[in-house]
1. Determine whether region 332-346 contains at least one residue that is of a type in the set (D, E, K, R) and touching a residue at least 40 places away in the same chain (Cβ under 8 Å).
2. When only residues in region 39-71 that are charged (D, E, K, R) and farther than 20 Å from E218 by Cα count, which is surrounded by the most Cβ atoms within 10 Å (Cβ to Cβ)?
3. So which pairs qualify, if the first residue must be in region 435-456 and of a type in the set (S, T, N, Q), the second must be surrounded by 10 or more Cβ atoms within 10 Å (Cβ to Cβ), the Cβ gap must be under 6 Å, and the two must be at least 6 apart or on different chains?
4. If a residue counts only when it is surrounded by fewer than 17 Cβ atoms within 10 Å (Cβ to Cβ) and modelled with pLDDT of 90 or more, which helices (runs of 4 or more DSSP H) contained entirely in region 295-371 have at least 1 such residues?
5. Please enumerate the residues belonging to region 164-197 that are under 24 Å from I230 (Cα atoms) and in contact with a Gly (Cβ under 7 Å, 6 or more places away or on another chain).
6. So how many residues does region 443-456 have that are in a helix (DSSP H, G or I) and modelled with pLDDT under 80?
7. Looking for whichever is small (G, A, S), farther than 30 Å from G296 by Cβ and at pLDDT 90 or above here; the options are G176, G238. Which one fits?
Amino acid sequence: MTAAARILVIDDDALMRDSLAQTLAGAGYEVVTAPSGRHGLDEIGRGSFDLVLTDLKMPNMNGIEMLRELRRRGDETPVILLTAYATIDTAVSAMKGGAADYLTKPFQRDTVLVAVERTLDRERLKRENDFFRNQAGREDPSRPIIGASRALKETLDLAAKYAPSSGTVLIRGESGTGKELFARLLHQRGPRRGKPFLSVNCAALSAGLLESELFGHEKGAFTGADRRSIGRFEIADGGTLLLDEVSEIDPRLQAKLLRVLQEKEFERVGNPRTIRVDVRVIATTNRNLENETAAGRFREDLYFRLSRLVLDIPPLRERAGDIPLLAAHFLGRAAQRNGGHPRRLAPGAAEALAAYSWPGNIRELENQIERASLLCEGEEIGAELLGLAVGARELRPDRGLSEGFAAKPMEEIERAHIAATLKHTRWHQKRAAELLGIGVRTLREKVKRWNLRQEN
């Protein structure tokens, strides 16, 4: 259940204005009144509204003039016009100019409430559709989870047990392991399928922007807030919200997140009104949250709240048997995107894929396959196009690798590979991150931790 809608009633007739206000307030709406179109615009300038009810015939500025001025300002708040029988044609014309509906006087209480509810529902659906349209193309919700390894099967079995629940799930795994795919699987196989599934990258936004993104804000709440914005929690009501890289949330904002998890309520930025929602939260992290908690960077109570159900995603190096299946899938996808028939892997390329450590996991594998497919001039991709020489034979001594193999810590192997990739891209960090299948921020952290420097 979201917050009560805020409605502005504009009418120069005090009796009609008060009667409408009482009717709407009695139905649970928050109501503000104004005696003229000019006063109504002033009220809109001071705060956001979900709906405007305005009389058509008023002195100085009538309802149509008020509507035109509202649209000229770029304000898309829905407007219902109130008119007498003699002016129905005018009202219909006004609807073509942007009015949401009209009511003829005299009207019954139930008629008003039905029109208001219908308009608010229509606007809510429009808002959701606009949001999902904007998301189209950014994500592929139909991407399958591919593999037959024991490690993957065990993870899928545990996910199947978690899916029917509405409890919070913490998905842990290295960058590129497919944590979001598992989050979508939990949603699609649970009772909230068919309801919204939204995701927020907590690492990509500053604390202020993330707060607004999650909880919304009112017009004028901060510099640049020229209109009301509905947050992800409110849009996802009834569905699922994925908090990607939850460890990156600012400590101050962690307290607000804890409250919405515990109490299922929050306030938009700049508005004291409490909004109640029913949202399943799934969080992902590539960090050790226990260590983050011990270091004081993450709230202990929030960690315990998030980790009621935990799903650990195995890295690709622990599911090597899935690499041929994944490679074949990515070869097919590359052919679809770029045209032509799928390329095939030469025996040497398949061996290189199997022997490589994959620090960027599945995302890195997909990127390398895509790159090799574009560079390949024939039908068969050779090992040289994959660019996996560094560290390729240092991980898997059990696969009959060359003599002289010397076991090295995984971190050392990863460091060497990242250094080589940076050298290959001439220290273009964004390009290197793409090739590695990790985020730029993650790459910079590794560069700093290992004190990697560009050679002159």
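The values are calculated or read from the model by the stated rules, or taken from the named source; none is laboratory data. Not measured: the values here are computed from a predicted model. A quick note on method: Cβ atoms are made from the backbone with ideal geometry, for glycine too, and the neighbour counts reach across all protein chains shown.
1. Step one: filter region 332-346 for residues of a type in the set (D, E, K, R), giving 333, 337, 343-344.
Next, only the ones that are touching a residue at least 40 places away in the same chain (Cβ under 8 Å) stay: none.
Looking for residues that are of a type in the set (D, E, K, R) and touching a residue at least 40 places away in the same chain (Cβ under 8 Å), one finds none in region 332-346, hence no.
2. Kept after step one, since they are charged (D, E, K, R), are these residues of region 39-71: 42-43, 46, 50, 55, 57, 65, 68-69, 71.
From what is left, the residues that are farther than 20 Å from E218 by Cα are 55, 57, 65, 68-69.
Details: D55: 25, K57: 17, E65: 14, R68: 14, E69: 16.
My answer is D55.
3. T442/S175; Q454/W427
4. Numbers: elements: 300-306, 323-338, 347-355.
Correct list: 300-306, 323-338.
5. Those that are under 24 Å from I230 (Cα atoms) and in contact with a Gly (Cβ under 7 Å, 6 or more places away or on another chain): R192, K195, P196, F197.
6. So the first thing to find is which residues in region 443-456 are in a helix (DSSP H, G or I), and the list is 443-449.
Still in the list and also modelled with pLDDT under 80: none.
The qualifying residues number 0.
7. Details: G176 fails: farther than 30 Å from G296 by Cβ.
Only one candidate passes the filter, namely G238.
Residue by residue, here is whether (1) among the charged types (D, E, K, R); (2) farther than 30 Å from I323 by Cα holds:
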| residue | (1), (2) |
| --- | --- |
| S175 | no, no |
| T223 | no, yes |
| L261 | no, yes |
| E267 | yes, yes |
